[in-house]
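*Asks:* This structure is in structure tokens; I'll ask about it shortly.
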Amino acid sequence: MKANAIRIHEHGGPEVMRWEEVEVPAAGPGEVTIKNHACGLNFIDTYQRSGLYPLTMPSGLGLEGAGVVEAVGPGVTDFKPGDRVAYCSAPNGAYATYRNYPAERLIKLPDSVDFETAAGMMLQGMTVEFLLRRTYPVKAGDFVLFHAAAGGVGTIAMQWLNSLGAVTIGTAGSPEKCAIAKQLGAAHVINYRSEDWVKRVKEITDGKGVHVVYDGVGKDTFLPSLDCLRMRGMMVTFGNASGPVPEIPPLILSQKGSLFLTRPTLFHYIASRADLELSASALFDVVNRGVVKIQIGHRYPLKDAAEAHRDLQARKTTGATILIP
């Protein structure tokens, strides 16, 4: 079967992405062939493209997609042609019109979730699930600092945290993005470009600091975030949008209040089939109940993925961004 896909032959900027015709072989043992109807765009795609997370060349890009099963390979019994499905983990290759994928990592979509919504929520929504429920289990009344509150992960987190009864402090880089975070449930919003956000966090928490910081920005926010935590608070660094975080000696955590520091990744929290289903089920539940509404801010033709990468890295996007094959 012929398909079109975004491929890279070297690491670099968005310009290394090529729109190519590729051959999709028959699904192998344990695989299904999927016709993608929508693909998700995530910061990890830019890390893999740039070489921050190196790939073996040549390579496809993209971890997240939603579509219909076209065919199943030998040994696949849980899926059949016509099933509506979504996925958000390796192997890479979601930026394609058709692709093969391991059935073990595939999730059936509820009828209530359309393809575009699924492509905009699986990776980011399951990231929010493991952050709020399993990394630091947020309780009602907890003070939470969440960076990039108007981004794809942030817009889901603002709503989910609000439903948990947390006192959420969201940061964003413009008045418009701050307004989005506020509308979605943040109790307080801080424009990090125009305000001393560490000082504001201390004011909001009466000098005590927050129970947990969730930071997907990285280099620009990591060290100041440590000063926003209360004694025995937890620093959760889960992304590198502004670059990798600096190395620190463990003694700093003691000096700043016996802090906890973790650097989790979604793929370790959905490594088993049971955990994958648990996370997806929790996400579908909050979406179906209307607790979380997926904010799709931008749509690009898949062949224009390079433009989408440029806009994402320039922080021109809000909510989820999806690519349409």
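The values are calculated or read from the model by the stated rules, or taken from the named source; none is laboratory data. Note that the structure is predicted; figures quoted are calculated from it, not measured. Every residue, glycine as well, gets a Cβ built from its backbone with ideal geometry; the counts of neighbours run over all protein chains shown.
*Asks:* Do you know which residues across segment 70-88 are within 24 Å of the chain's Cα centre (by Cα) and either among the β-branched types (Val, Ile, Thr) or buried (at least 20 other Cβ atoms within 10 Å of the Cβ) (or both)?
*Replies:* Step one: of segment 70-88, the residues within 24 Å of the chain's Cα centre (by Cα) are 84-88.
If the condition is that a residue be within 24 Å of the chain's Cα centre (by Cα) and either among the β-branched types (Val, Ile, Thr) or buried (at least 20 other Cβ atoms within 10 Å of the Cβ) (or both), then VAL85, ALA86, TYR87, CYS88 are the ones that fit.
*Asks:* Quick check on my filter: what residues within segment 274-306 are among the acidic types (Asp, Glu) and farther than 17 Å from ALA94 by Cβ?
*Replies:* Scanning segment 274-306 gives ASP275, GLU277, ASP285.
*Asks:* Which residues, taken from segment 108-141, are charged (D, E, K, R), under 19 Å from ASP275 (Cβ atoms) and part of a helix (DSSP H, G or I)?
*Replies:* First, the residues of segment 108-141 that are charged (D, E, K, R): 108, 111, 114, 116, 129, 133-134, 139.
Add one more test, that the residue is under 19 Å from ASP275 (Cβ atoms), and what stays is 108, 129, 133-134.
If the condition is that a residue be charged (D, E, K, R), under 19 Å from ASP275 (Cβ atoms) and part of a helix (DSSP H, G or I), then GLU129, ARG133, ARG134 are the ones that fit.
*Asks:* Quick one: would you say LEU41 is crowded, with 24+ Cβ neighbours inside 10 Å and touching a Ser or Thr at 6+ places or on another chain (Cβ under 7 Å)?
*Replies:* The answer is yes for LEU41.
*Asks:* Okay, next question. Kindly indicate the residue of segment 165-184 that is surrounded by fewer than 20 Cβ atoms within 10 Å (Cβ to Cβ), in a loop (DSSP other than H, G, I, E, B) and in contact (Cβ under 8 Å) with a residue 24 or more places away in the chain and also nearest to the chain's Cα centre (by Cα) among those meeting that condition.
*Replies:* So, considering only residues that are surrounded by fewer than 20 Cβ atoms within 10 Å (Cβ to Cβ), in a loop (DSSP other than H, G, I, E, B) and in contact (Cβ under 8 Å) with a residue 24 or more places away in the chain, the one nearest to the chain's Cα centre (by Cα) is GLY173.
*Asks:* Kindly indicate whether THR155 is assigned by TED's automatic domain parsing to the domain that holds GLY185, in contact (Cβ under 8 Å) with a residue 24 or more places away in the chain and surrounded by 24 or more Cβ atoms within 10 Å (Cβ to Cβ).
*Replies:* Yes: the conditions hold for THR155.
*Asks:* Is it fair to say ARG99 is outside the structural domain of THR221 (by TED's automatic domain parsing), under 18 Å from the mean Cα position of the chain (by Cα) and modelled with pLDDT of 95 or more?
*Replies:* No; evaluated as a whole, the condition is false for this residue.
*Asks:* In addition: Considering each residue of segment 213-248, count those that are among the small types (Gly, Ala, Ser) and closer than 14 Å to ARG263 by Cβ, and give that number.
*Replies:* Total meeting the criteria: 4.
*Asks:* Is one or more of the residues making up segment 99-113 crowded, with 18+ Cβ neighbours inside 10 Å, farther than 27 Å from ARG315 by Cβ, in contact (Cβ under 8 Å) with a residue 40 or more places away in the chain and among the aromatic types (Phe, Trp, Tyr)?
*Replies:* Scanning segment 99-113 turns up at least one residue that is crowded, with 18+ Cβ neighbours inside 10 Å, farther than 27 Å from ARG315 by Cβ, in contact (Cβ under 8 Å) with a residue 40 or more places away in the chain and among the aromatic types (Phe, Trp, Tyr).
*Asks:* To continue, here is another question. For segment 47-61, which positions are within 23 Å of GLY297 (Cα to Cα) and assigned to a loop (DSSP other than H, G, I, E, B)?
*Replies:* If the condition is that a residue be within 23 Å of GLY297 (Cα to Cα) and assigned to a loop (DSSP other than H, G, I, E, B), then LEU61 is the only one that fits.
*Asks:* Right, next: From the list GLU195, GLU277, exactly one residue is of a type outside the set (Gly, Ala, Ser) and closer than 19 Å to ALA149 by Cβ. Which is it?
*Replies:* Residue meeting the stated conditions: GLU195.
*Asks:* Going by the conditions given, is PHE260 aromatic (Phe, Trp, Tyr), under 30 Å from LYS316 (Cβ atoms) and without any contact (Cβ under 8 Å) to a residue 60 or more places away in the chain?
*Replies:* In short, no.
*Asks:* Another question, if that's okay. I'd like the full set of residues that are part of a loop (DSSP other than H, G, I, E, B), over 22 Å from LEU302 (Cα atoms) and among the hydrophobic types (A, V, I, L, M, F, W, C), limited to segment 79-107.
*Replies:* Hit for segment 79-107 is PHE79, nothing else.
*Asks:* If you don't mind, there's one more thing I want to ask. Among (1) part of a loop (DSSP other than H, G, I, E, B); (2) within 22 Å of LYS303 (Cα to Cα), which single condition is ILE44 missing?
*Replies:* (1)
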